[in-house]
Amino acid sequence: MTTLWIFFIFMNMDGFLKIAVCKETRDQVLIITPTTQEQVDILKNVTSQYETALWQPVSPVYMKEQAEVHLFVPGESFETVTSLLQDHDITHRVSLPNVNELIEMQTMNGTDPRSTSTFYERYHRLEDIYDWLNRTAHDNPRTVKTILVGSSHEKRPLYALKLSFSDRPNRKAMWIDCGIHAREWISPAFCLWFVHHSLSFYNYNKEITDILNNMDVYVLPVMNPDGYKYTWTTNRMWRKNRAPSHNPKCVGVDLNRNFDANWCTEGALPYPCSEIYCGAFPESEPESRAVADFLRQHKDSIQLYISIHSYSQMLLFPYSCTLEEAGNHNDLLEMVQEAARKIRTFYRSTYKYGAGAKTIYLAPGGSDDWAYDLGIKYSFTFELQDRGEYGFLLPPSRIGNACNEALTAVKTIALKVMEKTQAPKSPAAV
Ligand SMILES: [Zn+2]
């Protein structure tokens, strides 16, 4: 009897240990707030020495006292990382204890028969997005064309859609790109959402009708297809493209540091292992070169450039590569201010706004600054939902809301651009 009893206890302890071990080996996201420079330095070491992925800020170079750090910690490193933080009294808490479940939720992709979400309220694999591009162009032959803008390092095509609802001569245009950074899944989801909204509500919604009557719209849903594919197959936290470097251990260039705008100065790094690696030279990457070439070829018609990112809820404009003000700073400020005001009124969400460098930090080599210097004087980067609750793992149930907020900003700004650049059509002007 005694023997049996002891055996029972062991069984239970074994069960208990298993549960405890399971809990500790799960991938989690920590919110950490260093309060002294010493703690900042320790945190920098922790993130570079252990396998982790920085969510915010994107690189240790941006870490500073009293600024929140959002850090993804894989199960294997979790105990070591948290005990290091504890040893040095660094304030931290778990913000996402269930990363694996969230990833599963993002990739379920409507396979749950009880799901009532539409195609546009789900995240999609790269192959499904290519199918969608073809289908959309095929189903709307008079208004939608597929344009091959270039190809990625791994030779995947970069397709943009051109939405063209009017045949007025000398029409102006706007450009929207999504998915420069692979792990920001809400970004490609927005490009799909925008196209769907345009096709469904032309002639029904006054704002989108006015915009499409006046402008063609180019939409590039996935600017970094190799990286995006990699986030679905191998590493959900991947940010850069997948170009190999001279260091076989470190892959990828940050495409949003690869444009020729104060290239590779403070806020970017020349090291291939860094998340903000600027590449070997400006436009060294086929993805950034393809977009730059297209914009150069169409710079006389494109008036508005918008690049979609996540997360942190911000509406940004040039410059990010310098603290200097853009020539039309006040116009740009007025536009994002109005967009943020509308988002707050309609959706009760707060978006920060302003020039990139002053609102977040110096970030040279970005596409919006480069497009601005090319002559596209209305140039923006939007950071979509959320502000860190789920970060890159925004659940599919939040896609609709996040996209509607961004859509409000796009429409508000596009209408303002039309107002500022196009002559009023009054009878007196005829
Ligand atoms: Zn981004």
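Bear in mind these aren't lab numbers, they're just calculated from the coordinates by the rules spelled out. Since the model is a prediction, treat every value here as computed from it, not as a measurement. Every residue, glycine among them, receives a Cβ derived from its backbone with ideal geometry; neighbour counts consider all protein chains shown.
Say R0 is 60 Å: what FRET efficiency, to the nearest 0.05, do Gln422 and Glu65 get from their beta-carbon distance?
Approximately 0.80, to the nearest 0.05.
Taking other C-beta atoms within 10 angstrom as a stand-in for reagent exposure, Lys162, Lys64 fall in the order Lys64, Lys162, fewest first. Where only DSSP H runs of four or more residues are counted, the chain gives -12500 deg cm²/dmol as its mean residue ellipticity at 222 nm, each run worth -39500 (n - 2.57). Taking 0.36 nm per residue of sequence separation and removing the Cα-Cα distance, the Glu324/Asn203 pair yields an extension gain of 39.4 nm.
Cα centroids of the range 331-356 and the range 226-296: 29 Å apart. Do the alpha carbons of any pairs in Lys172/Lys342; Lys240/Lys342; Lys172/Lys358; Lys229/Lys416; Lys229/Lys342; Lys172/Lys206 sit beyond 27 Å of each other, and which pairs? Those over the limit are Lys240/Lys342; Lys172/Lys358; Lys229/Lys416; Lys229/Lys342. Tyr353 sits among other residues whose Cβ lies under 15 Å from its own Cβ, and their net charge, with Lys and Arg +1 and Asp and Glu -1, is 0. Charge dipole (Cα centre; +1 on Lys/Arg Cβ, -1 on Asp/Glu Cβ; no other charges) of the chain amounts to roughly 1300 debye. A Förster distance of 41 Å, applied to the separation of the beta-carbon atoms of Ile147 and Val94, puts the FRET efficiency at 0.35. Spacing of the modelled spin labels on Asp131 and Phe281, each 7 Å from Cα toward Cβ, amounts to 4.2 nm. GNM on the chain, alpha-carbon springs under 10 angstrom: the most fluctuating residue among Asp131, Asp368, Asp331 is Asp131.
Fully extending the segment from Glu101 to Lys162, taken as 0.36 nm per residue of separation minus the present Cα-Cα distance, adds 18.3 nm. In the chain, the inverse of the mean reciprocal separation of distinct Cα atoms equals 22.9 Å; this is its Kirkwood hydrodynamic radius.
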